[in-house]
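**Q** Below you'll find the structure I mean.
Any read-out appearing in this document is the output of simple, stated calculations on the displayed coordinates, not a laboratory observation. Note that the structure is predicted; figures quoted are calculated from it, not measured. Every residue, glycine as well, gets a Cβ built from its backbone with ideal geometry; the counts of neighbours run over all protein chains shown.
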Amino acid sequence: MPGQYIDLHTHSLISDGSDTPAELVKKAAQQGLSALALTDHDSLAGLDEAEETARAVGVDFIRGVEIAVESDSEELHLLGLWMPRQSTRLRDALALLRRQREDRNQAILDALRAKGIFVSMEDVRAVSTGEAVGRPHIALALVNRGYVTSRKEAFDRYIGRKGEAFVPRTLLSPKEGVALLRDEGATVVLAHPFLSHVMTRERLEDLVSDLRAWGLSALEAYHNAHDAYHVRLCFDVALRHNLLLSGGSDYHGANKNGVRLGVGKGNMRVPFAVLSALREHRKNKGLQA
């Protein structure tokens, strides 16, 4: 489908976006996107609503999720595309990940309190409406309570990796994360590898060599944090390791300023051919596409 574009990495208010799943899909239709994946963090709760809306407005919809894993003290993110509609094992695993998020949230609030910064869990829940509550919601609560002037300041000063109240989260290993998604029949994508400031080509080569052996299928080459150089690197690494490509804006609505659906920061376009290749790969493996 020449001339048509897609977005395979988006978030709704089920995790840390600002749009409902239905609003997100309607925006995709209004902006002329031919396909969309909803990939909320650690949650499948918005997929049915988004899928129903997509049928009504004529957008090709892919059921997705995003999870975090840890490799050598570095947090990496995996996307699962074509997630199943029913899986008790998967829902239990995601529920455990959300409980670990909640434990970390409380630990961060305790660390803030020790510094004289009083934000309660009720303050955090007041700015979150979905299942997966995390640091973006703590950041907004800090803004609302007047301790910082922006979410960026909240991360920089307090809750980011170098912040005064940072607390690491219990995460799956890369092998466990890939296996969790792979065993549910999902296509597993390494998300935005160069969002990490410590990622190098050599590190990415080593990483995808392991991940591919465990079931990784694609690299997210197109992303709002990737410039043209990073996109080319992803192309090269994917070719060397016989991986497919994926891409998306990582849209969060009003919660990530300057990142727009379908175009990222203004110049990102993911061609429909990316989705066609992913679907062909799934068909060749006997998976629903």
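**Q** Residue separation times 0.36 nm, minus the C-alpha to C-alpha distance between THR149 and GLN86: what's the value? If you can, show how the numbers build up before the last one.
**A** Working: separation 63, 0.36 × 63 = 22.68 nm, distance 4.22 nm.
Extra length available between THR149 and GLN86 comes to 18.5 nm.
**Q** As I understand it, the dipole of the chain uses +1 on the Cβ of Lys and Arg and -1 on the Cβ of Asp and Glu, about the Cα centre. Which of LEU244, VAL59, LEU81 lies farthest toward its positive end?
**A** After comparing all options, I get VAL59.
**Q** I've got another one for you. Kindly work out what percent of the DSSP beta bridges joining two residues of the chain are antiparallel, to the nearest 5. Working shown, then result.
**A** Values: 15 of 31 bridges.
Taking every DSSP beta bridge with both residues in the chain, the antiparallel ones total about 50 percent.
**Q** For SER120 and GLU75 in one chain, what is 0.36 nm times their gap in residues minus the Cα-Cα distance, to one decimal in nm?
**A** Values: separation 45, 0.36 × 45 = 16.20 nm, distance 2.62 nm.
Contour length minus Cα-Cα distance gives 13.6 nm.
**Q** Read phi for every residue in segment 272-289 and hand back ³J(HN,Hα) as whole Hz from Karplus 6.51 cos²θ - 1.76 cosθ + 1.60, θ = phi - 60°, with x for Gly and Pro.
**A** So the J values, rounded to whole Hz, are 4, 4, 4, 5, 4, 5, 5, 5, 4, 4, 5, 4, 5, 8, x, 9, 5, 10.
**Q** Hey, another quick one. May I ask you to derive the FRET efficiency for GLU102 and ALA289 from their Cβ-Cβ distance with R0 = 51 Å, giving the value to the nearest 0.05?
**A** Numbers: r = 35 Å, r/R0 = 0.68.
Calculated value: 0.90.
**Q** What do you get for chymotrypsin sites (Phe, Trp or Tyr not before Pro) in segment 55-118 restricted to DSSP loop and a cutoff of at most 11 other Cβ within 10 Å of the site's Cβ? Walk me through the intermediate numbers first.
**A** Working: sites: PHE61, TRP82, PHE118; in loops: TRP82, PHE118.
Loop-located and lightly packed - PHE118.
**Q** List, in the order given, every pair from LYS27/LYS256; LYS256/LYS283; LYS265/LYS285; LYS175/LYS285; LYS26/LYS175; LYS26/LYS265 whose Cα-Cα distance in the structure shown is over 24 Å. Walk me through the intermediate numbers first.
**A** On the way: LYS27/LYS256 16 Å; LYS256/LYS283 35 Å; LYS265/LYS285 35 Å; LYS175/LYS285 20 Å; LYS26/LYS175 36 Å; LYS26/LYS265 20 Å.
Correct reply: LYS256/LYS283; LYS265/LYS285; LYS26/LYS175.
**Q** Once the Cα atoms of helix 135-144 and of the chain are each reduced to a long axis, what angle between those two axes, in degrees from 0 to 90 to the nearest 10, is obtained?
**A** Tilt of helix 135-144: around 40 degrees.
**Q** Highest first, please rank the peptides 245-252, 260-267 by the mean number of other Cβ atoms sitting within 10 Å of their residues.
**A** 245-252, 260-267
**Q** Would you work out the charge dipole size for the chain about its Cα centre, treating the Cβ of every Lys and Arg as +1 and the Cβ of every Asp and Glu as -1, and quote it to the nearest 20 debye? Intermediate values should be presented prior to the final figure.
**A** On the way: 37 positive and 38 negative charges, 57 e Å.
Around 280 debye, computed over the chain.
**Q** Once both labels are modelled 7 Å past Cα along the beta-carbon direction, what's the ASP227-LYS265 spacing in nm?
**A** Calculated label separation equals 0.9 nm.
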